[in-house]
Amino acid sequence: MSTSSQNRTQQQFLDVVIDAGDGWIGDIPAGSLFRVVDLHGNQAVDTLFYDAHDLTNRFSAVDTIRFQGAVYLTTGSVLRSVNGDPLATIVEDTCGRHDTIGGACAKESNEIRYGEHTRFQHACRSTFVRKAAERGLTKRDLTHNVNFFMNVPVTSTGGLSFADGVSAAGKYVELRAERDLVVLISNCPQLNNPCNGYDPTPVQLLGWSQ
Amino acid sequence: MTRDLLYGVQVPGGSGWSILLRRQQALRLTAQGPDASVSMLVYAAADTTERLNVPDTLKAQMAAAVRAPMTLMSDMGKALLSVTASSLDWHDAITGHGLDADIAARFGGTTYQSARNEWRRSARTCLLEELRVHGLDNRDLHATVNWFTKIAPADDAAGSLRFVPGHAREGDFVELRAEVDVFVVLATSPHPLNPDAQWRPAPVRADVFAVDAPAADDAARQFRDESSRSLVMAERSCA
Ligand SMILES: [Zn+2]
């Protein structure tokens, strides 16, 4: 379905496993391929993209949605920056649907959504600010993210829900970097909704340069 | 019940405006023409790194659009504004707002010298100008609520989106009550998915009222547990 699977003679520059509830920040060069693998299934991978040469030119969920005229992300979706620039293109997707309107979990929003007893549970935003700081980024630089492998259906009557994951063990999504990128990931620790199948698990990142 | 008009401003179409709205004040926006659009950014006045979070707002209230009596939540779980009333049951929050490139491509570019104050400026340009004169910048951008705009998803596999022409008419309104002191930035440029071939941004009337804090039986408090908890977080921060 995609050309990328035949391109494995390219130089591999990345192969890491991100534990459940941990994060990653790193560089993905323009033209390279970048794969996120849902090792055990139903794992939300909260991901942000930044133009490596201008970190304020960052991923924008709503600009991405407007440019493609559709809510869900899948093969062919171009992830755009707040200035409308292409940051990455989804070139292969064995899952079929990814979310970008559900945002990330935070301790504060957990308390609003699930009640006071969840206030001290680990959350994506804590991972985001910790990893972002490695590159001098702060909360101001955190914007609405992509949730790979997460299923958030919307309806024509304005409904929205967090549904069971459409992903399964071994499903993956592969992107081509359209410019030099910094990628920030939180492997979601959420325990209170079906986005991780109530059991957060590790994911794998793979990268091949052009 | 307190409801005293403090002042009002007529915001021309295609313009930017900002306002410090205090707790126990409400902002009523009234469309002055068809297909009016008001793209809005919201910040906690006490700390502008705390800002409207559209994903948190939508997922906590299980909605793909903004409507009364939802609260607009910050990234810190606080209600910044409550939608206390509206003549419309759909206000878009998932498609962002226009960039100058959209306008130049569709209507041709303008400069101040060529068009004076009739120049065609995008919502982004208007919002950034207001942010910058308050010491904020593009790092402070977030998903806007686009008042009066309906862009409905189809129930198809892609979640295809369609702009609904004629959704907002002259006289349509929305009223927003501040739950903490908030800095509100808005732009009245047309939404870029509006297919209207003519550039005719509708003006919007903005009226500010003194109002009561939400009572125990407030509609937002009774809407959902999540909405109610966001009001409690706002109240705690003002206690
Ligand atoms: Zn999370």
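Can you find even one residue in region A:130-142 that is under 14 Å from the mean Cα position of the chain (by Cα), more than 15 Å from the ligand (Cβ to nearest atom) and more than 9 Å from chain B (Cβ to nearest Cβ)?
no
Counting only residues that are more than 26 Å from A:TYR114 (Cα to Cα), touching a strand residue (DSSP E or B) at 6+ places or on another chain (Cβ under 6 Å) and at pLDDT 95 or above, give me the strands (runs of 3 or more DSSP E) lying completely in region B:5-78 with at least 3 of them.
It comes to B:16-21, B:25-31, B:38-44.
From A:PHE59, A:PHE120, grab the single residue that is free of Cβ contacts under 8 Å to residues at least 60 places away in the same chain and aromatic (Phe, Trp, Tyr).
A:PHE120
Within region A:32-53, how many residues turn out to be in a strand (DSSP E or B), under 24 Å from A:ALA163 (Cβ atoms) and among the hydrophobic types (A, V, I, L, M, F, W, C)?
4
Quick check on region B:153-193: of everything there that is of a type in the set (Ser, Thr, Tyr) and outside any strand (DSSP E or B), which residue is nearest to the other protein chains (Cβ to nearest Cβ)?
That would be B:SER189.
A:ASN110: at the interface with chain B (Cβ under 9 Å from one of its Cβ atoms), surrounded by fewer than 23 Cβ atoms within 10 Å (Cβ to Cβ) and either more than 15 Å from the ligand (Cβ to nearest atom) or in a helix (DSSP H, G or I) (or both), yes or no?
No.
In region A:132-146, what residues are in contact (Cβ under 8 Å) with a residue 24 or more places away in the chain, under 21 Å from A:THR64 (Cβ atoms) and not in a loop (DSSP other than H, G, I, E, B)?
A:ALA132, A:ASP141, A:VAL146
Residue check: is A:ILE28 away from the ligand (no atom under 16 Å from the Cβ) and of a type in the set (Val, Ile, Thr)?
Spelling it out, A:ILE28 is indeed away from the ligand (no atom under 16 Å from the Cβ) and of a type in the set (Val, Ile, Thr).
Give region B:225-239 a look and list any residue that's at the interface with another protein chain (Cβ under 10 Å from one of its Cβ atoms) and of a type in the set (Lys, Arg), or say none.
B:ARG229
The values are calculated or read from the model by the stated rules, or taken from the named source; none is laboratory data. Just so it is clear, the structure is predicted and the values come from calculations on it, not from any experiment. Using ideal geometry, Cβ is built from the backbone for each residue, glycine included, and neighbour counts are taken over all protein chains shown.
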